[in-house]
Amino acid sequence: MQYRRLGNTDITVSAVCFGCWGIIGGFNWGPQDEKDSLEALHVAFDAGITFYDTAEGYGSGQSEQLLARGLSSQRDSIIIATKVSPNHFREPDLRAACERSLRALNTDRIDLYQLHWPNHDIPISETLNVLDKLKAEGKVRAYGVSNFGEQDLSDVLAAGSPIASNQLAYNLLFRAIEDVILPLCHRHGVSVLTYSSLMQGLLSGRYTSPDEVQEDRMRTRHYSATRPYARHGEAGQERETFEAVARIRDIARQSGQSMADVALAWLIGQPGITTVIAGARNAQQAHGIAHAADVTLSAEVVEQLNQATDALKQQLGPNPDMWQHVSRMR
Ligand SMILES: NC(=O)c1ccc[n+]([C@@H]2O[C@H](COP(=O)([O-])OP(=O)(O)OC[C@H]3O[C@@H](n4cnc5c(N)ncnc54)[C@H](OP(=O)(O)O)[C@@H]3O)[C@@H](O)[C@H]2O)c1
């Protein structure tokens with residue numbers, strides 16, 4: 001495992017972070033055996049993953065509770081990141097949400113508290129002010145944002161707030177942040193934490209066509225708006241997405257590595273990326289995501305992967321919101 005510093009904090013995190021959304025199962029994930037989830041958490045910890053990402057929004061606290069059940073005895077050896085939902089950005093709501101998360105997580109401090117999505121109806125200065133107070137009170141060690149675009153991030157930076165990180169959708173099949181947001185974060189020492197690092201399993205190598213993907217996962221702008229759960233209204237890029245998947249599979253095969261290893265190692269090696277967040281739902285997947293941190297890709301393979309996905313990057317365009325046509329990120 002590799003370990004890296006989180007933004008301008010004194011916190012060290014593993015280069016692979018365990019994403020705790022999928023371990024509760026349900027919408028987007030399907031049935032999930034709790035025993036598998038707990039095993040995944042234990043295997044991840046034993047394999048050197050010290051960083052765990054969850055949110056109050058994942059099953060209304062269920063994911064936070066499950067993480068606490070799995071790793072409470074390791075509390076002092078792990079870094080817990082959770083997120084507050086945008087409807088809780090006013091002081092009383094934010095304080096209440098923080099207390100709820102502390103209880104659900106069975107802890108006295110949140111290592112990284114993140115604003116899940118921007119809320120353009122509440123002045124960001126008000127929310128940052130509360131975060132500063134929570135930090136001063138010791139309830140939060142560091143805070144960060146998630147899904148903040150160029151303007152929103154610039155507003156936070158202009159306020160002089162010490163944000164540690166920005167959590168963003170980024171993977172081989174979704175590279176929209178590369179040209180503007182990623183360099184901006186890098187210049188200001190803001191760690192980028194990537195989510196959907198395996199494109200919700202598309203980069204596992206298991207899928208060869210959209211029809212094999214479960215319907216509630218076909219919500220991103222890769223898929224056609226005719227898919228029942230898509231809300232973006234775009235034509236989608238299904239053909240190009242699955243052609244890119246096929247090209248990545250070939251590159252992985254030729255380099256003798258699994259597709260998930262190649263996809264995660266490519267991401268870990270991108271300039272400006274501190275940590276890749278990947279969701280594992282059983283022991284085998286947890287072992288797999290941890291292993292990816294020890295995989296080295298040659299410069300030639302990295303270039304092949306860039307080329308294999310360039311056309312898809314162009315077709316999806318610069319909108320960094322992976323889910324909506326009218327970007328909620330500005
Ligand atoms: N900030 C935000 O707005 C936001 C949004 C989404 C996610 N996130 C965070 O990011 C985390 C991860 O992103 P994600 O949930 O979108 O999923 P992801 O990490 O892109 O994909 C997870 C899926 O990949 C497959 N997988 C995992 N390990 C594997 C391995 N070693 N080999 C092959 N396949 C493997 C599994 O698919 P199967 O389920 O098919 O087995 C797993 O459920 C979430 O848990 C959450 O913490 C944040």
C-alpha long axis of helix 124-136 to longest principal axis of the chain, angle in °: 70 degrees
Percent of Cα-Cα distances greater than 20 Å, calculated over the range 70-134: 28 percent
Inter-label distance, nm, simple model (7 Å from Cα along the C-beta direction), Gln315/Arg90: 4.5 nm
Nearest 10 degrees, 0 to 90: helix 34-46 Cα axis against the chain principal axis: 90 degrees
FRET efficiency estimate (nearest 0.05) - Cβ-Cβ, Lys35 to Glu150, R0 45 angstrom: 0.55
Cβ-Cβ FRET estimate between Asn8 and Glu212, R0 fixed at 51 Å, reported to 0.05: 0.75
Nearest-20 debye value, the range 32-164 charge dipole, Cβ charges on Lys, Arg, Asp, Glu: 380 debye
Leading residue at positive end of dipole, the chain (Cβ point charges), from Ser60, Thr226, Leu203: Ser60
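If you put +1 on each Lys and Arg Cβ and -1 on each Asp and Glu Cβ, how big is the dipole of the range 184-330 around its Cα centre, in Debye rounded to 20?
Numbers: 15 positive and 15 negative charges, 94 e Å.
Computed about the Cα centre, the dipole is about 460 debye.
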Within the range 194-211: backbone nitrogen closer than 16 Å to the Thr226 label point (7 Å, Cα to C-beta): 210-211
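If you take the beta carbon distance between Arg103 and Asp179 as r and set R0 to 56 Å, what does 1/(1 + (r/R0)^6) give as a FRET efficiency, to the nearest 0.05? Write down the numbers at each step before the final one.
Numbers: r = 41 Å, r/R0 = 0.73.
Efficiency, from the Cβ-Cβ distance: 0.85.
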Helix 91-104 axis, angle to the chain major axis (alpha carbon atoms, nearest 10°): 70 degrees
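Using only DSSP helix segments of four residues or longer, with each worth -39500 (n - 2.57), what per-residue ellipticity at 222 nm results for the chain after dividing by its residue count and rounding to 500? Present the calculation step by step, with values, prior to reporting the outcome.
Values: 10 runs with 120 residues, N = 330.
Helix contribution divided over all residues of the chain: -11500 deg cm²/dmol.
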Rough spin-label spacing in nm, given labels placed 7 Å along Cα→Cβ, for Ala235 and Ser327: 2.1 nm
20 Å-binned pair-distance histogram of the chain (Cα, whole percent): 33, 61, 6
Low-density loop positions, trypsin sites (Lys or Arg not before Pro), the range 158-255 - DSSP coil, at most 15 other Cβ in 10 Å: Arg206, Arg231
Electrostatic dipole magnitude of the range 112-200 [Cβ: Lys, Arg +1; Asp, Glu -1; Cα centre; debye, to 20]: 360 debye
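Where a number appears in this text, it was derived from the coordinates with a stated rule and is not lab data. If you're wondering where the values come from, they're calculated on a predicted model, not measured in any experiment. All Cβ positions, even for glycine, are placed from backbone atoms using ideal geometry, and neighbour counts span all protein chains on display.
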